Every structure is written in C-alpha cells, then in structure tokens.
1. Return the pairs, sorted by first residue and then second, in which the second residue is open to solvent by less than 30 Å² (accessible area, probe 1.4 Å), the first residue lies in the range 41-56 and is among the basic types (Lys, Arg), the beta carbons are less than 8 Å apart, and the residues are 6+ apart or on different chains.
2. Could you grab me the full set of residues in the range 66-79 that are of a type in the set (A, V, I, L, M) and either out of contact with any Ser or Thr (no Cβ under 8 Å at 6 or more places or on another chain) or open to solvent by 50 Å² or more (accessible area, probe 1.4 Å) (or both)?
3. Within the bounds of the range 41-56, is there any residue that is closer than 18 Å to residue 119 by Cα, modelled with pLDDT of 95 or more and surrounded by fewer than 20 Cβ atoms within 10 Å (Cβ to Cβ)?
4. Filter the range 29-43 down to the residues that are in a helix (DSSP H, G or I) and farther than 22 Å from residue 56 by Cβ and list them by number.
5. I'd like to check which helices (runs of 4 or more DSSP H) are fully inside the range 67-132 and have at least 2 residues that are modelled with pLDDT of 95 or more and closer than 20 Å to residue 52 by Cα.
Amino acid sequence: MVRIMAKVAYLAVVLVVVVARMLVEPGEALTCGAPEEQRTGAVCNVYTRGDQPEPSGECCNAYRALRATAKTRAERRQLCSCVQEATSQSRYNRGATANPAARIPRFDSLSEKCGLPSLFSADPEFDCKTVN
C-alpha cells in the first residue's frame, strides 16, 4: 500500500511539473535580444541581407545554438516572436537589402540550409501561436 501511495505521489509531482512548464507564458520563456539572438543576427546578417549565396558554417552554428535555447513550446513561440521583431528592426536591415520583407525568405531558408526542420517563419503574418 505504501509503495502504491509513493508511486501516486511521484506521478502527481511529475504531472505538476509538466503542467507548470506548459503554462509558462511566452514572455517568460525567453528574452528577446538575448546574446544567442544577437550573435545569430550578427553572423548571419551577410547571408540574410543577400550579400552571400549560402549561410556560413559560423551562421549555421549560431542558428543551431539559438534554436537549441527554445526547448518548450512556449520558448519556441517566444523565439518566433523575437525573430519576427528582430527581422523587422532597422538595425538588422543595413546593407544591400534595406527592405525587411526582402530578408524574410532568406531568414526562413536558414532552417533547411542549416539542416534543421522548419519551426516558424520570420514573416510577421505568420502566427507564432501555431508553433508547437
């Protein structure tokens, strides 16, 4: 009987932890402008603005590291929002392509070009709440 109660208590704790992680608000999961995001923006800028035909190895490594920070659904949704915000800001839009909309397809291609599944689009029309 004690063993069964211990298992039930353990499962209850696990359930609470899982539910608590699911209830994390997107704003609490990640912070926009974190070092990983800034590094990815800096090293991938040459590719996303169209000055380089393919992303560099350094860009792909930074992009993989950025994606690895988003472990939960809430974190992936927040990352989506952060990327959409960053690609629309003028500080990332200097150079050959000053129009933020022209950079979106190049950013969106990073997943495939860096060997990762696509999670979301940098297009502000994409609803980040649909990210799983």
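1. Matching pairs, first to second residue: 49/93; 49/103.
2. Correct list: 68, 70, 74.
3. Taking every residue of the range 41-56 in turn, none turns out to be closer than 18 Å to residue 119 by Cα, modelled with pLDDT of 95 or more and surrounded by fewer than 20 Cβ atoms within 10 Å (Cβ to Cβ).
4. Restricting attention to the range 29-43, the residues satisfying the condition of being in a helix (DSSP H, G or I) are 29, 35-43.
Hit for the range 29-43 is 29, nothing else.
5. Those helices (runs of 4 or more DSSP H) span 110-113.
The values are calculated or read from the model by the stated rules, or taken from the named source; none is laboratory data. Please read all numbers here as calculations on a predicted model, not as lab measurements. Virtual Cβ from ideal backbone geometry, glycine too; neighbours counted across all protein chains shown. Each accessible area value is taken on the protein alone, full model and side chains, heavy atoms only, with ligands, DNA and RNA left out. Shrake-Rupley method; radii C 1.70, N 1.55, O 1.52, S 1.80 Å.
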